[in-house]
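Values in this text are rule-based calculations from the coordinates and carry no lab data. None of these values were measured; they are calculated from a predicted model. FYI the Cβ positions are ideal-geometry reconstructions off the backbone, even for glycines, and counts take in every protein chain you see.
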Amino acid sequence: MGVQIKICGITEKDHAASCAQLGVDAVGLVFYPPSPRYVTASRARGIVTAMGSHVCAVGVFVNASVDDILDVVTHCGLQAVQLHGRQNRQSLDTLRAAGVGVIQHVNASGQALAQAAVDLHPTPALVECGKGKLPGGNAAQWDWSGARILSGRYPFVVAGGLTPDNVAQAIGLSKPDAVDVSSGVEQRPGVKDMQRIYAFVHAVRNIPIEWKTTPIF
């Protein structure tokens, strides 16, 4: 299997359907009101329906309670959640026990990242090192080789500052199981550009993979 692809921050049904046709592995829906990519649960439900069951629908949450997360998961038909902020082991275990795939955001690299992966295991990490007003990568490029310490040891997604032009470099440096992009395939915050998404998917699918990857989505 090659490197999986998640397109995050989808806000329109037609974009979700087009992503599904392109063969992306996962689509991210942001349930954090301050984000320009925020969608309500009712809007997200329509988006999930439009893209079909063969694409993993991932809800992105920031410091949300387990009960609130599960309510949205059930209403929208999500298969997985991506968590930003502090989550204890019990919360992660509760979500997994409910049949929900869980990915935890980690803002670290090198040995600090390795220790975080040990603490999280078996929860995959979404790794990025951006700083800004919003949780996440904030379009900041970073030294993606700092995530390579996890390659082949713990499942992880690399993110942060990815674009169609640099994703091959990021993959080569980090050797991840999956990549996650949002602002790098947008016309403006919250509005995706399907030509850029196509270019991103094409770039990833044409990278020769010389390491064993683990499916995350």
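Here are some notes:
- Spatial extent of the stretch 159-215: Rg and Dmax, with the Cα atoms as the point set, Å: 11.5, 35
- Within the chain, the proportion of C-alpha pairs whose separation exceeds 33 Å stands at 6%.
- Charging the Cβ of each Asp and Glu at -1 and of each Lys and Arg at +1, and nothing else, the dipole of the chain about its Cα centre rounds to 100 debye.
- Packing-based order for 168-177, 109-118, using average beta carbon neighbours within 10 Å, highest first: 168-177, 109-118
- FRET efficiency, residue 49 to residue 111 (Cβ-Cβ, R0 41 Å, nearest 0.05): 0.40
- Within the shell of other residues whose beta carbon sits under 13 angstrom from the beta carbon of residue 113, the net charge comes to -1, with Lys and Arg scored +1 and Asp and Glu -1.
- Hits among aspartates and glutamates - C-alpha to C-alpha of residue 212 under 16 Å, sequence gap 8 or more where chains match: 177
- Once the Cα gyration tensor of the stretch 1-118 is diagonalised, semi-axes √(5λ) in Å: 23, 17, 13
- Residue-wise HN-Hα coupling along the stretch 202-217, computed from phi with Karplus coefficients 6.51, -1.76, 1.60 (Hz; x: Gly, Pro): 4, 5, 5, 5, 9, 8, x, 9, 10, 9, 7, 9, 10, x, 10, 9
- Using C-alpha pairs under 8 Å with a sequence gap of at least 6, the mean separation divided by the residue count of the chain gives a relative contact order of 21 percent.
- Over all pairs of different C-alpha atoms in the stretch 76-204, the reciprocal of the mean inverse distance, the Kirkwood hydrodynamic radius, equals 15.2 Å.
- Peptides 144-154, 1-11 ranked from most to least packed give 1-11, 144-154, packing being the mean of other C-beta atoms within 10 angstrom over each peptide's residues.
- Non-local lysine pairs in the stretch 4-205, meaning eight or more places apart or on different chains, with alpha-carbon distances under 24 Å, amount to 8.
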